[in-house]
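Here the structure comes first, spelled out in structure tokens, and everything after it is commentary.
The values are calculated or read from the model by the stated rules, or taken from the named source; none is laboratory data. Nothing here was measured: the structure is a model prediction, and the numbers come from that model. Glycine also receives a Cβ, built like all others from the backbone with ideal geometry; neighbour counts cover every protein chain displayed.
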Amino acid sequence: MLGLGPVPIPPSTVLSVLTGGGSGREITVVWDLRMPVAIATPLVGAALGVAGAWTQTSSRNPIASPDVLGVSGGAAVAVVLGTLVARPEFAVGIPTFWWRCLLAMAGAAAIVALLFAFGGLGTSSRVILVGVALSLMCHAAVSYLMVRADLSRAAEAQTWLAGSTGLVRWEALPPLVAATVPFALLGAWRGRDLPLLAHDDDSARALGVDVDRVRATLLIASTGLVAVTVSVVGPIGFVALVAPQLARLASRAPTAPPVASAAAGAALISGCAVIASLLPVTVPVGLITAIVGGPVLVALVVRGSTARSIP
């Protein structure tokens, strides 16, 4: 990834830069521009993968990912609203990452509140239907805001909306890690009871699990992780949806293992970033994940339907 892009860098030169050599131009390209992207890309993928695993397993629904439920869309609407309408004038003195992160969390939290209000906290298909409706509404809201905004502000938001890791710089990495770790720890703490939710709520309660509390905590942790990633790289689709299913198939586990899902998410988005860097034109990684993730999702659905039809 460090040597790929519009300006190709040979592996020997990359190694030279990493060991303290290289020219000023090579240091700028490899160290200043591509290294933070190479670090942030798998981190974002891992966060999305584990967030998808938590929501899918706790709801016992393989399509209950944060992007399908509208969480990513709610975060995107809030950030776009702040960028195009209010602009960061309201956040004077606050670094860009943090005001975007706060807006994304507020938007994602609003979607979760609506999910609770209209879909309930459970495993019914009603939650998915409400989430899909909210996701479509968020997409419409973003489109409206983009149409109403002036061209300069709309152009600024367009690349971010497509889901791009290519604009991440060193200054974004410390706050990205600082904002991600608390939600990851919260989910890992509650995730200990996750295997007990794989069958039914009554069995889990019989084993002493507070099902509603576990489910709510994991949804909060997933929402936080998604909001943080959206604030940095924009909404990237399909990773949280597909990565847990790939991890489940690879591990042959009954549910998506969170650690394996994180690894699958990191590998998926990193692979898509490599593909994007090999293209002759600059393409956001979110577009590649959609192109790759769509057929993968269809294959998983067909495979699951075939498996269920075998007596």
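Would you confirm whether any residue within the stretch 170-191 is part of a loop (DSSP other than H, G, I, E, B) and either among the small types (G, A, S) or surrounded by 20 or more Cβ atoms within 10 Å (Cβ to Cβ) (or both)? The answer is no, given that none of the residues of the stretch 170-191 is part of a loop (DSSP other than H, G, I, E, B) and either among the small types (G, A, S) or surrounded by 20 or more Cβ atoms within 10 Å (Cβ to Cβ) (or both).
Can you work out which of the residues in the stretch 277-288 that are without any contact (Cβ under 8 Å) to a residue 24 or more places away in the chain and farther than 16 Å from V44 by Cα is nearest to the chain's Cα centre (by Cα)? Applying the filter and picking the extreme gives V283. One residue stands out in the stretch 63-98 among those that are at pLDDT 85 or above and of a type outside the set (A, V, I, L, M): the one that is surrounded by the fewest Cβ atoms within 10 Å (Cβ to Cβ), namely D67.
Looking at V283, is it within 26 Å of V37 (Cβ to Cβ) and modelled with pLDDT of 90 or more? Steps first, answer last, please.
Values: within 26 Å of V37 (Cβ to Cβ): yes; modelled with pLDDT of 90 or more: no.
In short, no.
For the stretch 256-267, residues that are of a type in the set (A, V, I, L, M), crowded, with 24+ Cβ neighbours inside 10 Å and modelled with pLDDT of 90 or more total 2.
Among the criteria (1) surrounded by 19 or more Cβ atoms within 10 Å (Cβ to Cβ); (2) free of Cβ contacts under 8 Å to residues at least 60 places away in the same chain, the one A253 does not fulfil is (1).
Pick from V29, V79, V50, V85: which is aliphatic (A, V, I, L, M) and under 18 Å from A262 (Cα atoms)? I'd like the intermediate steps shown before the answer.
Working: V29 fails: under 18 Å from A262 (Cα atoms); V79 fails: under 18 Å from A262 (Cα atoms); V85 fails: under 18 Å from A262 (Cα atoms).
One residue alone meets the criteria, V50.
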